[in-house]
Number of protein chains: 2
Amino acid sequence: MRLSQYFLPLLKENPSEAQIVSHRFMLRSGMIRQQSAGLYTWLPLGQRVLSKVENIVADELNKAGCIRVIMPTLQPADLWKESGRYDAYGKEMLRITDRHERDLLYSPTCEEMIVDNFRSFVRSYKSLPINMYQINWKFRDEIRPRFGVMRGREFFMKDGYSFHADIEDAKREYNKMYDVYHKIFARLGLTAIAVNADSGPIGGAVSHEFQVIAETGESALYYDAAFDDIRAGKLAMSSEEMRKLYAAADELHIPEKCPVPKERLREARGIEVGQIFLLGRKYTDAMNVDVTGADGQLQRVEMGTYGIGVSRLLGAIIEASHDDNGIIWPESVAPFDIGLINLRVGDIKCDAICESLYNSLSEQGKEVLYDDTDERAGGKFASMDLIGLPWQIVVGPKGAEKGVVELKNRKTSEKQEFTVDDCLKILLGA
Amino acid sequence: MRLSQYFLPLLKENPSEAQIVSHRFMLRSGMIRQQSAGLYTWLPLGQRVLSKVENIVADELNKAGCIRVIMPTLQPADLWKESGRYDAYGKEMLRITDRHERDLLYSPTCEEMIVDNFRSFVRSYKSLPINMYQINWKFRDEIRPRFGVMRGREFFMKDGYSFHADIEDAKREYNKMYDVYHKIFARLGLTAIAVNADSGPIGGAVSHEFQVIAETGESALYYDAAFDDIRAGKLAMSSEEMRKLYAAADELHIPEKCPVPKERLREARGIEVGQIFLLGRKYTDAMNVDVTGADGQLQRVEMGTYGIGVSRLLGAIIEASHDDNGIIWPESVAPFDIGLINLRVGDIKCDAICESLYNSLSEQGKEVLYDDTDERAGGKFASMDLIGLPWQIVVGPKGAEKGVVELKNRKTSEKQEFTVDDCLKILLGA
């Protein structure tokens, strides 16, 4: 993509409404724009990252045998009356009346609707287990939306639901999703700590929240020091072993009952990026969902539910990966792989090298943002650091004379000169 | 995907509420399920096709230099009051009040919001032209939703918007999008006729609707017989030439003013799958959108807008491509490439051949739906025909003894026996 033909509205000043670093950098790098409290347009750079995060989440779920669906954002209130949550949910649920005076709501989560789909089609235990998910917009009418996409009102969420013939199988799936979630967050460049959590309005007996440690997090975390070693790469542990380590959030941590000795207990703030629930029969009881078992008798279905805040993850990634100059995107979700900076647009040699690099890299499947504008060098460097692409290639007139370019790693800030061919080899991994 | 682990709730009977063939087959093949009038869950098979159509639309737009964004489904009413459409739009616009008594609406289209984004960032003619699009859910509170996803209330739409320094450039882009739309529909296996159309509540001086001919279409089309030759592949024509052919819908066709002699005039019904509008200044006048021109003076911005009904396209494709037994998917959007039918699950040879084909084809990037259930042969054949995958491989005990399988082309119904290796070669194009 040539920057001169792109839409990348960068802000030079820090927006006053942004209290946390991810919100600030998302606004400044032209990723999002607020339309109203908690409602955002995802500008081109933001859309690209959101889509990459979505694809990674979907890919890992597909590999794990989960099946994708899409449910409508607006739902009939009847289903929610049946489960009892229509009255219980409170003002965070946006209630809507259509032209025929029928009650609708903007889905904040989808247990009722997936259960309704399940019960209308599935009759036998032989069809179980089933794990279905969607990635779609949700709405929670937060009284005080804040922190950008971290606590918006309209947000992009992955919500998954599994159905089982017995609670043991539901537990097996719960543990599997625990592992899948760790894989997903790892691919996004994040180390999440799974803490015991309250299941809240979703319900269920057992729940884990996946927390990314960040000073600006809204949750207070208490955990075994081993997690810090895992996060720091000093310790490798299977997720089965990890599940046995102590970790709890907020009021679920009761100091006098904590099994971890003081010297091994750590406290930190965390951003919740996902949560899994061993639901049991909460919804299948309320909505009368049975299948025929192996003995020919009707039996109640057991459930699990699994959420990931896809749009919120972008904020969490930035909180976990930035410096004073801007975002440092992990390669897996960077909006472009490479930023190509032409320091003297119009100079025959600079232009020729840039065009050649742009074409060669693009042909090999690399996504390149080519700064072909007539902005000054300082501005170009600052913009490229701000938007945080993993690699920058700087092409200036002096180097171009000699046939060399500068390659900069955004994360390490390491810069080195290479011939054009060597630069290509490094970036193409050849 | 193994059918035993998939969620494919087929209906054997024709649902009484489905009046048209696409609605009937989408329900029967387990693609969608109605949750309430005009609100659908996209079941796994439907989600796969919807996602493929989305990707083709996005791919062609990206190649044409259009830039993808996402705007929120819920929007503040203020913007719509500014353009004058809040009052003008009528009851099809779903109006919502949030917990703070602020007026929101569920976006039926997004001219106001994209204009608001544009004017907050773009200052100079040098940034023009810009063409941005999104693919997201929209809502129109139809008084009588019908025909399944053809006229639903919540629907998936591609809406694009372009901004220009002068009307000539807007016309150039309009013509370019006219061409891009033909490319998109061709990749989806459709021949669309672009007819002169009324610009309706969107506005603008010039508009074309892209219509797919189908008996069940809601529009009356009148067009030059040459279009039938183009659709039948008897005539090749550039889209520039096509634009000069006569085609009009509904009341825009005035018999006494029609330039086509009677014997060359054709009448048919059509399904509208897209519409493009040369908007001019309708919104930039209402919302005061200027940029600085080359002469340093402020000048009003010109616009175009371009829609495609992504979810509706699935209905249109089915209307255009089916037989009595079910859907016939074009390869580009088929939910799976190949259906693999094991006629005797549990037979060592049948199982071995199926596993081998399933693994080999999957490894080569083919998407295979493997019917490994213990359903009877007749049921398996009927289901596979119904869901309309382009190819079926039938593995039965007699053939397995000899190492041969039957390959069936869904479109031509042609069946032929091949050795397993030859079958692989044909499907992998080797």
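The values are calculated or read from the model by the stated rules, or taken from the named source; none is laboratory data. Owing to the predicted nature of the structure, the values given are computational and were not obtained by experimental measurement. Glycine gets a Cβ as well: all are built from the backbone with ideal geometry, and neighbour counts include every protein chain shown.
Worth a mention:
- Count of region A:188-226 residues which are modelled with pLDDT of 90 or more, part of a loop (DSSP other than H, G, I, E, B) and surrounded by fewer than 20 Cβ atoms within 10 Å (Cβ to Cβ): 2
- Hey, B:Tyr89 under 30 Å from A:Leu61 (Cα atoms), among the hydroxyl-bearing types (Ser, Thr, Tyr) and touching a residue at least 24 places away in the same chain (Cβ under 8 Å) or not: no
- Scanning region A:142-154 for residues that are surrounded by fewer than 23 Cβ atoms within 10 Å (Cβ to Cβ) and within 11 Å of another protein chain (Cβ to nearest Cβ) gives A:Glu142, A:Ile143, A:Arg144, A:Pro145.
- Neighbours by Cβ (under 6 Å, 6+ apart or cross-chain): first from region B:282-307, under 15 Å from B:Arg119 (Cα atoms); second of a type in the set (Gly, Ala, Ser) and in a strand (DSSP E or B): B:Val291/B:Ser124; B:Thr292/B:Ser124; B:Glu302/B:Gly280
- Test: residue in region B:65-87 that is over 24 Å from the mean Cα position of the chain (by Cα), aliphatic (A, V, I, L, M) and in a strand (DSSP E or B): no
- Restricting attention to region B:329-361, the residues that are out of contact with any strand residue (DSSP E or B) (no Cβ under 6 Å at 6 or more places or on another chain) and closer than 25 Å to B:Glu54 by Cα total 8.
- Scanning region A:232-276 for residues that are buried (at least 16 other Cβ atoms within 10 Å of the Cβ), at pLDDT below 90 and over 14 Å from A:Ser207 (Cα atoms) gives a single hit, A:Met242.
- Residue list for region B:28-48, filter: assigned to a helix (DSSP H, G or I) and within 7 Å of chain A (Cβ to nearest Cβ): B:Pro44, B:Gln47
- Qualifying residue in region B:108-129 (condition: within 21 Å of the chain's Cα centre (by Cα), part of a strand (DSSP E or B) and assigned by TED's automatic domain parsing to the domain that holds B:Ala294): no
- A:Ser51 over 24 Å from B:Leu104 (Cα atoms) and assigned to a helix (DSSP H, G or I): yes
- Hits in region B:133-177 (condition: of a type outside the set (D, E, K, R) and in contact with a Ser or Thr (Cβ under 6 Å, 6 or more places away or on another chain)): B:Trp137, B:Val149, B:Phe155, B:Phe156, B:Tyr161
- Test: residue in region A:54-71 that is more than 8 Å from every other protein chain (Cβ to nearest Cβ), on the phi > 0 side of the Ramachandran plot and not basic (Lys, Arg): no
- Given (1) at the interface with chain B (Cβ under 7 Å from one of its Cβ atoms); (2) free of Cβ contacts under 8 Å to residues at least 12 places away in the same chain, number of the condition A:Ser51 does not satisfy: (1)
- Restricting region A:390-415 to residues that are in contact (Cβ under 8 Å) with a residue 24 or more places away in the chain and hydrophobic (A, V, I, L, M, F, W, C), the residue that is surrounded by the most Cβ atoms within 10 Å (Cβ to Cβ): A:Val395
- Residue match in region A:227-236 (condition: over 23 Å from A:Tyr306 (Cβ atoms) and part of a helix (DSSP H, G or I)): yes
- For region B:92-140, the candidate set comprises residues that are farther than 30 Å from A:Glu92 by Cβ and without any contact (Cβ under 8 Å) to a residue 12 or more places away in the chain; within that set, the residue that is farthest from the other protein chains (Cβ to nearest Cβ) is B:Lys126.
- Selection within region B:244-255 - more than 17 Å from B:Asp179 (Cβ to Cβ) and not in a loop (DSSP other than H, G, I, E, B): B:Ala248, B:Ala249, B:Asp250, B:Glu251, B:Leu252, B:Pro255
- Verdict on A:Glu241 being out of contact with any strand residue (DSSP E or B) (no Cβ under 7 Å at 6 or more places or on another chain), charged (D, E, K, R) and farther than 20 Å from A:Lys176 by Cβ: no
- Total residues in region B:109-124 satisfying the condition of being out of contact with any Pro (no Cβ under 9 Å at 6 or more places or on another chain) and surrounded by fewer than 20 Cβ atoms within 10 Å (Cβ to Cβ): the figure is 3.
- Complete set of residues in region B:10-27 that are within 13 Å of another protein chain (Cβ to nearest Cβ) and touching a strand residue (DSSP E or B) at 6+ places or on another chain (Cβ under 8 Å): B:Leu27
- Scan region B:149-179 for residues that are within 14 Å of the chain's Cα centre (by Cα) and assigned to a helix (DSSP H, G or I) and the total you get is 2.
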